[in-house]
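Have a look at the structure below, then the notes.
Readers should treat all values here as calculations from the given coordinates under stated rules, not as data from a laboratory. Fair warning: this is a prediction, and the values are worked out from it, not measured in the lab. Neighbour counts run over all protein chains shown; Cβ positions are idealised from the backbone, glycine included.
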Amino acid sequence: MTTPSAATTIAGIGGMPKLVLTAADGAHADVYLHGAHVTSWTPAGAHDDRLFLSATSRSGEGAAIRGGVPVCFPQFADQGALPLHGFVRTTAWSLVRAERQSAGAARATLQISATPAMRALWPHAFTLALTVTVGGNALALELAATNDDTAPFEFTGALHTYLRVADVRRTFVSGLEGAHYRDKVLRHDDDVEAPPRLAVDRHLDRVYRAAPAVVAVEEPERITEVHATGFRDTVVWNPGPERGATMDDLEPGGYARMLCVEAAAASAPVLVAPGATWRGTQTLVAR
């Protein structure tokens, strides 16, 4: 019996190179070099992808893939003068290493460093690395931002995770009770989450500050836990039917099949000293 390689590079959407990571137990994930963008994750023994990828997503140089896990850096959303969610999600990264660990998990590290074009937009020298580990019932992502400059810099960002759900209208998020949040839809700055389970029954766009380290996305047949370290915030986003219908890179009815629950540094910038490295992790666990 032939054991599949831990990592294989194939052509993905639009012909862009895609790394397929396969653990010894069959769990696998797809990672595009374009944006270091994870677009697929299937736990061991499962048949359904746990990440949403729009069938009408854009592809190619300068395009942002709609779905999966976009890396937002050095700006979250429109919180500054940079392009939406920064510029690394639309730029090619380099594969540093790919390997199978002793326990059987597959791991790959991708990296990008500041170019003159990037520094024209954001005048700081940096190296950003994303390490993706898949195996068993978990997908672990670690983002590491190193300040290669002689002065400190600040950034906001996120691992902007699109979870695939059977029906978002029957999906709840638990673990946020008592957390303070900014509601970007209602333009409220300091609401408090009251119910123990958040229903996703409308357009939601919320930044939960100092959020719990673990939240759960609950569906009738399954649960996905979102664990985070280093990131202070949790973002919950779904465009709802009306806004979703205006997004040409979101497939028809796609809003009902996705929910973004993401580890983020959005409510306050992260300060990184010269020569220092900040690390944040997000681990998805299928239950």
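Sort CYS260, CYS72 so that the residue with the fewest other Cβ atoms within 10 Å of its own Cβ comes first and the one with the most comes last.
CYS260, CYS72
Give me the net charge of ARG182's neighbourhood, meaning all other residues with Cβ under 14 Å from the Cβ of ARG182; Lys, Arg count +1, Asp, Glu -1.
With Lys, Arg at +1 and Asp, Glu at -1, the net is -3.
In whole angstrom, note down how far apart the Cα centers of the stretch 120-170 and the stretch 217-274 are.
The stretch 120-170 and the stretch 217-274 have Cα centres separated by 13 Å.
When the convex hull of the Cα atoms of the chain is projected onto a plane and the area is averaged over all directions, what value comes out in nm²?
Its average projected convex-hull area is 14.9 nm².
Can you compute the helix-only [θ] at 222 nm over the chain? Use -39500 (n - 2.57) per DSSP H run of at least 4 residues, normalise by all residues, nearest 500 deg cm²/dmol.
For the chain, the value works out to -1000 deg cm²/dmol.
Only residues of the stretch 231-274 count here: report those whose backbone N is under 14 Å from the spot 7 Å along Cα→Cβ of ALA210, or say none.
What the label zone holds, given the 14 Å backbone N cut-off, is 232-234, 267-268.
Obtain the nm distance between the two label points defined at ASP78 and SER59 by a simple spin-label model: each point lies 7 Å from its Cα along the Cα-to-C-beta direction.
2.9
How much length would be gained if the chain were fully extended between THR229 and ARG170, taking 0.36 nm per residue of separation minus their Cα-Cα distance, in nm to one decimal?
Computed gain between THR229 and ARG170 is 18.4 nm.
Just to verify a number: FRET efficiency for GLU177 and ALA268, C-beta to C-beta distance, R0 = 25 Å, to 0.05?
0.70
Give the peptides 203-213, 237-247 in descending order of average Cβ contacts within 10 Å, highest first.
Sorting 203-213, 237-247 by mean packing, highest first, produces 203-213, 237-247.
Starting with the fewest neighbours, write out ILE223, ILE10 ranked by other beta-carbon atoms found within 10 Å of each beta-carbon.
Final ranking by Cβ density, sparse to dense: ILE10, ILE223.
With both bridge residues required to lie in the chain, what share of the DSSP beta bridges run antiparallel, to the nearest 5%?
100
Order these by the 10 Å Cβ neighbour count, fewest first: HIS28, HIS37, HIS124.
The fewest-first ordering by Cβ neighbours comes to HIS124, HIS28, HIS37.
May I ask you to compute the full-extension gain from LEU186 to SER102, defined as 0.36 nm times their residue separation minus their alpha-carbon distance, rounded to one decimal in nm?
25.3 nm
What is the extension gain from GLU219 to ASP201, computed as 0.36 nm multiplied by their sequence separation minus the C-alpha to C-alpha distance, in nm to one decimal?
5.1 nm is the gain from fully extending GLU219 to ASP201.
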